[in-house]
1. With every protein chain present, what is the per residue accessible area of the chain (1.4 Å probe, Å²)?
2. Share of the chain's accessible area from carbon and sulfur, percent, 1.4 Å?
3. Does anyone have the angle between helix 128-143 and the longest principal axis of the chain? Alpha-carbon axes, 0 to 90°, nearest 10?
4. When you count, for each residue, the other Cβ atoms within 10 Å and take the mean per peptide, how do 104-113, 38-47 rank with the highest first?
5. May I ask for the angle, rounded to the nearest 10°, between helix 73-94 and the longest principal axis of the chain, with both axes built from Cα atoms and the value confined to 0 to 90°?
6. For Cα extents along the principal axes in Å, several values are listed as (i) 40, 30, 26; (ii) 43, 35, 32; (iii) 52, 36, 28; flag the one computed from this structure.
7. With all distinct Cα pairs included, what does the Kirkwood hydrodynamic radius of the stretch 1-82 come out to in Å, to one decimal, could you say?
Amino acid sequence: MIFKILLTIAIIIGLTWAIKTADKKSIFITAGLALGIIFVFLPLPYLKITGLTIFLIFALIAFIYGLNHKGKAFERFIICAISLPIFMYWSFALLHFPGVRILKLFMIIPIISFIIALTKKHKLKSELGFLLILAMDSISLLLE
């Protein structure tokens, strides 16, 4: 229950931040991640799989966005370091591949990367919306 509250707060803050910065790509990725999480929260089992798939697709889109980001290499690295472990974990979990427990340990990478993104003076202001949602997802996975 506490994870749902934390993710809901992250969705609200992330969407507000993305809309405030008015970057269309960030709004698209943030809204897609939020839609996937909202579907997972609904009590119907087929909507949980649909929501997880939507979240997985938008985590992949966030990774591709990080690869094609026009900023410095460090900014691209931060975006990819946050989105790739989450994409890998949820793809392994959705497809029931072995090694999900090991990948759960790698959720520390997005948390550390998000803290670095907050403390360093880089131009990731428009991306902080979806990075917050991804980091909060990794925190909830690590504490689960």
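1. Result: 56 Å² of accessible area for each residue.
2. Carbon and sulfur: 77 percent of the exposed surface of the chain.
3. So the helix axis and the longest Cα principal axis differ by about 40 degrees.
4. Those peptides, ordered most packed to least, come out 104-113, 38-47.
5. Helix 73-94 sits at roughly 10 degrees to that axis.
6. Given (i) 40, 30, 26; (ii) 43, 35, 32; (iii) 52, 36, 28, the calculated one carries the label (i).
7. This gives a value of 13.4 Å.
The values are calculated or read from the model by the stated rules, or taken from the named source; none is laboratory data. The structure displayed is predicted, hence computed values, not measured ones. Cβ coordinates were reconstructed from backbone atoms using ideal geometry, including for glycine residues, and neighbour counts include every protein chain displayed. Note: accessible area is taken over every heavy atom of the protein model, side chains too, but ligands, DNA and RNA are not part of it. Shrake-Rupley method; radii C 1.70, N 1.55, O 1.52, S 1.80 Å.
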